[in-house]
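Asks: Got a structure for you, written out below as structure tokens; questions coming shortly.
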Amino acid sequence: MSRILVTGAFGLVGSDLVPELQKIHGKESVVALARETISEEFDGILEKGDVTDKTLLESLIKKYDIDEIYHLAGLLSAGGEKNPSLAWDVNVNGLRYVLDLAVEHKLRVFWPSSIAAFGPTTPKTNVPQHTVLEPTTMYGVNKVSGELLCQYYHKKYGVDVRSLRYPGLNGYKAKPGDGTTEYAIHIFYGLLQNNSYQCFLKADTRLPMMYMDDAISGTIALMQAPSEKISIRTSYNFAAINFTPQELVDEILIISPDFKISYKPDFRQAIAESWPHSIDDSQARTDWGWKHNFGITEMTQALYNGIKTKLEK
Ligand code: VAH
């Protein structure tokens, strides 16, 4: 029976992953770690603390006899540009502490990389699994460093650490963070609250994207796959759909024909333009049977329904 610690438990991914892990393993086997209590109605084991506190992490591993860590805590792209040194400390040192503890306590680890590991010199379409990684954001530098740390700890110490290069993930259970792809979530709050939205990216900015349910099922499938199936120990390319803000608006106009969109690109436009448009994730599909289920229409309907229900509470 796995005993799991999830860091960043109330972030965009954690808010969906923790309930899914509780369903699979039981509430008593999942420990949610967060820097502050975000979700009042959370039903499970909750600990508060910071992932840069290695002593705290080790105390939780011992207290709950943890054998698996989903290490999600971190700063995103825009937040990382506002505070690069904090981003390095949380995103890289935090991961290093988790990997050191994984060696000492024989833990399995999941850690999310991101399409942010790619940069302006990476091919823009159908990015291959092995490619140029020269990101121009601190977040991207953190992700490339993290991928190499994961591979090093696997090869040198045999740590079973697995990773996915998440595209822009779109879910509704948590408030959207300060990322670049999060426009695709914020737009639904604009739709539902005033039938309009001012987008911080240009209308034709194409980005790899995924509905959160696909990201969660893919993450769990990766961790449940037999170790011998895992051929990539940096981070797997992981993809579903790609779209532009205009293409998402076209889907929203089906729901609300008089929805008003405007565009006012900010500093996140340059971040988005440093990332590719589409990803070749055939290695993940071959190695451990990854496949996505949500297209842009299904994602739009799910986000609309989820955020509508949330706002009506
Ligand atoms: C961000 N949503 O925009 C995150 C993600 C691929 C981007 O890592 O920073």
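The values are calculated or read from the model by the stated rules, or taken from the named source; none is laboratory data. Note that this is a predicted model, so its numbers are computed, not measured. All Cβ positions, glycine included, derive from the backbone under ideal geometry; neighbour counts span all protein chains shown. Accessible surface is based on the protein model in full, side chains and every heavy atom, while ligands, DNA and RNA are left aside. Shrake-Rupley method; radii C 1.70, N 1.55, O 1.52, S 1.80 Å.
Asks: Tally time: how many residues in region 276-287 are surrounded by fewer than 20 Cβ atoms within 10 Å (Cβ to Cβ) and either in contact (Cβ under 8 Å) with a residue 60 or more places away in the chain or over 14 Å from residue 215 (Cα atoms) (or both)?
Replies: Number of matching residues: 7.
Asks: Moving to a separate point now. Would you call residue 172 assigned to a loop (DSSP other than H, G, I, E, B) and more than 13 Å from the ligand (Cβ to nearest atom)?
Replies: yes
Asks: I've got another one for you. Being closer than 15 Å to residue 63 by Cβ and touching an Asp or Glu at 6+ places or on another chain (Cβ under 7 Å) is the filter; apply it to region 1-22 and report the residue that is least open to solvent (accessible area, probe 1.4 Å).
Replies: Taking the candidates together, the pick is 4.
Asks: With the condition kept exactly as written, say whether any residue in region 188-199 is assigned by TED's automatic domain parsing to the domain that holds residue 75, among the hydrophobic types (A, V, I, L, M, F, W, C) and open to solvent by 30 Å² or more (accessible area, probe 1.4 Å).
Replies: no
Asks: Let me ask another. Enumerate the helices (runs of 4 or more DSSP H) found wholly within region 1-112, keeping only those where 3 or more residues are more than 15 Å from the ligand (Cβ to nearest atom) and of a type in the set (D, E, K, R).
Replies: Hits in region 1-112: 54-64, 94-105.
Asks: Going through region 93-110 one residue at a time, which ones are under 25 Å from residue 227 (Cα atoms) and open to solvent by 10 Å² or more (accessible area, probe 1.4 Å)?
Replies: 96, 97, 100, 103, 104, 105, 106, 108
Asks: Conditions first: (1) touching a residue at least 60 places away in the same chain (Cβ under 8 Å); (2) more than 16 Å from the ligand (Cβ to nearest atom); (3) exposed (fewer than 14 other Cβ atoms within 10 Å of the Cβ). Residue 124 passes all but one, so which condition is the exception?
Replies: Evaluating residue 124 over (1) touching a residue at least 60 places away in the same chain (Cβ under 8 Å); (2) more than 16 Å from the ligand (Cβ to nearest atom); (3) exposed (fewer than 14 other Cβ atoms within 10 Å of the Cβ) leaves (2) as the failure.
Asks: Also: Looking at region 76-86, can you tell me whether even one residue there is among the polar types (S, T, N, Q), without any contact (Cβ under 8 Å) to a residue 60 or more places away in the chain and over 23 Å from residue 162 (Cβ atoms)?
Replies: Checked region 76-86: at least one residue is among the polar types (S, T, N, Q), without any contact (Cβ under 8 Å) to a residue 60 or more places away in the chain and over 23 Å from residue 162 (Cβ atoms).
Asks: Something else about it: So in region 251-275, with the set limited to residues that are open to solvent by 40 Å² or more (accessible area, probe 1.4 Å) and more than 14 Å from residue 195 (Cα to Cα), which one is nearest to the ligand (Cβ to nearest atom)?
Replies: Among those that are open to solvent by 40 Å² or more (accessible area, probe 1.4 Å) and more than 14 Å from residue 195 (Cα to Cα), it is 268.
Asks: Please determine whether any residue of region 138-145 is more than 17 Å from residue 78 (Cα to Cα), open to solvent by less than 50 Å² (accessible area, probe 1.4 Å) and more than 16 Å from the chain's Cα centre (by Cα).
Replies: Looking for residues that are more than 17 Å from residue 78 (Cα to Cα), open to solvent by less than 50 Å² (accessible area, probe 1.4 Å) and more than 16 Å from the chain's Cα centre (by Cα), one finds at least one in region 138-145, hence yes.
Asks: Just the residues that are in contact with an Asp or Glu (Cβ under 8 Å, 6 or more places away or on another chain) and open to solvent by 20 Å² or more (accessible area, probe 1.4 Å), please, taken from region 23-44.
Replies: 27, 35
Asks: Still on this model: Given (1) within 30 Å of residue 283 (Cβ to Cβ); (2) open to solvent by 10 Å² or more (accessible area, probe 1.4 Å), where does residue 170 come up short, assuming only one miss?
Replies: (2)
Asks: So residue 176 fits all but one of (1) modelled with pLDDT of 95 or more; (2) closer than 28 Å to residue 22 by Cβ; what number is the exception?
Replies: The single condition residue 176 does not satisfy is (1).
Asks: Given the structure, is residue 220 in the same structural domain as residue 154 (by TED's automatic domain parsing) and crowded, with 19+ Cβ neighbours inside 10 Å?
Replies: It is false that residue 220 is in the same structural domain as residue 154 (by TED's automatic domain parsing) and crowded, with 19+ Cβ neighbours inside 10 Å.
Asks: Still on this structure, I have one more. Looking only at region 147-164, count every residue that is closer than 23 Å to residue 78 by Cα and open to solvent by less than 10 Å² (accessible area, probe 1.4 Å) and tell me the total.
Replies: Counting residues in region 147-164 that are closer than 23 Å to residue 78 by Cα and open to solvent by less than 10 Å² (accessible area, probe 1.4 Å) gives 3.
Asks: Next up: Take the residues in region 45-68 that are of a type in the set (A, V, I, L, M) and open to solvent by less than 30 Å² (accessible area, probe 1.4 Å); name whichever of them is farthest from residue 86 (Cα to Cα).
Replies: 66
Asks: Which ones in region 233-264 are free of Cβ contacts under 8 Å to residues at least 60 places away in the same chain and of a type in the set (A, V, I, L, M)?
Replies: If the condition is that a residue be free of Cβ contacts under 8 Å to residues at least 60 places away in the same chain and of a type in the set (A, V, I, L, M), then 241, 253, 254 are the ones that fit.
Asks: In addition: Looking at 53, 89, 100, 65 in this structure, which one is within 29 Å of residue 157 (Cα to Cα) and without any contact (Cβ under 8 Å) to a residue 12 or more places away in the chain?
Replies: 53
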